[in-house]
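Read the structure below first, then the notes.
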Amino acid sequence: MKNKTVKVGRNDPCPCGSERKYKKCCLGRSTFKPKNLKALYAKKYKIKLKQPKDVEGIRQAGRLALDTLDLIESEIRPGITTDDINSVAHKFTLKNGAIPAPLNYRGFPKSVCVSVNEIICHGIPGERILQDGDIVNIDVTPILNGYYADASKTFFVGKPGSEAQKIVRVARNSLSRGISMVNPGNTIGDIGWVIQKYAESKGCSVVREFVGHGVGFDFHEPPQVPHFGRKGEGIKLVPGMVFTIEPMVNLGEKDLVILDDQWTAITKDRSLSAQFEQTILVTEQGFESLTPYDL
Ligand code: MF3
Ligand code: CO
Ligand code: CO
């Protein structure tokens, strides 16, 4: 493809985002060095960039999120209910001095989201019994010392069929590819673009209604991180940004239905849906996952 360069006029707004004229700002400089990125991103996008001490707090919450997922994984088998998973997660979170963010969040009644098969996300734990061959996404968000970390994985229950294996593999790779775009200078659009391109190339579809999000000081902060979109669009990534990437990928069509409980999102065509989520920090060199696990 031809490389297209856009010319910035002397009197145009500076591309560094300073809201000054290009000629009064970065023109002639070899690199863009915005004066006060933290203030700029706060003002322009309501994005709260994280300081090293904040990152450490989110990293600790992230470690607890991963430990919780590991514990749940060890308990998953045919015959347990989704509420059993909730109990395990709830108790473990409290035992570790943290609070489960989902509990009572905008009326959500449980401590963890448990989304089986055609449930895309926000499944409410209850009496549903896990069956051999199911896939189940567990999404945990502990608040530890005031810091939030958000992570999820999709597990197999018993022995998966070929459709289950496919959708879980594509969802996993979608997150991996999305994370690989996280680099200062790239944009939020680059992340969604690469995910959509990959998932659709495998004949799957990407959910539009739910997106990744800033996280750390709160459960859901700006910016929104769509898992679809166009290369080069959206906000420029800068060091100190912390957000989730959490593509929900369907085996069939992208459309969804929300159940009467106002939370549970299922695929309209009842096809399988899978999701993986990590909390990602933009660094000077690229990225660091604050909820790191192998993809
Ligand atoms: N953890 C979900 C996310 O990834 C949000 C769940 S909201 C809840 O953003 F209320 F259902 F917990
Ligand atoms: Co999230
Ligand atoms: Co989550």
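Where a number appears in this text, it was derived from the coordinates with a stated rule and is not lab data. From a predicted model like this one, the values you see are computed outputs, not experimental measurements. With ideal geometry, Cβ positions are generated from the backbone for all residues, glycine too; neighbour counts draw on all protein chains shown.
Numbers for the structure displayed
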{"read-out": "Under the span-like rule (Cα at least 24 Å along the axis, Kyte-Doolittle mean at least -1.0), DSSP H helices of the chain", "value": "52-75, 162-180"}
{"read-out": "Computed magnitude of the charge dipole of segment 137-295 (debye, nearest 20; Cβ of K, R +1, Cβ of D, E -1)", "value": "660 debye"}
{"read-out": "Rg(Cα) / (2.2 N^0.38 Å) computed for segment 94-174, rounded to two decimals", "value": "1.21"}
{"read-out": "Two-site FRET efficiency, residue 283 against residue 39, from Cβ-Cβ distance with R₀ of 25 Å, rounded to 0.05", "value": "0.80"}
{"read-out": "Percent of Cα-Cα distances greater than 12 Å, calculated over segment 252-295", "value": "70 percent"}
{"read-out": "Hull shadow area, averaged, segment 168-295 [alpha-carbon convex hull, nm²]", "value": "7.7 nm²"}
{"read-out": "Relative contact order for segment 56-181, counting Cα pairs under 8 Å that sit 6 or more residues apart, in percent", "value": "28 percent"}
{"read-out": "Over segment 143-197 - Rg/Rh using Cα atoms and the Kirkwood inverse-distance radius", "value": "1.11"}
{"read-out": "Protection-proxy order for peptides 106-115, 67-76, each taking the mean of Cβ atoms within 10 Å per residue, highest first", "value": "106-115, 67-76"}
{"read-out": "Against the rule of thumb 2.2 N^0.38 Å, how large the Cα Rg of the chain comes out", "value": "1.05"}
{"read-out": "Computed E for residue 162/residue 293 - FRET, C-beta separation, R0 22 angstrom, nearest 0.05", "value": "0.35"}
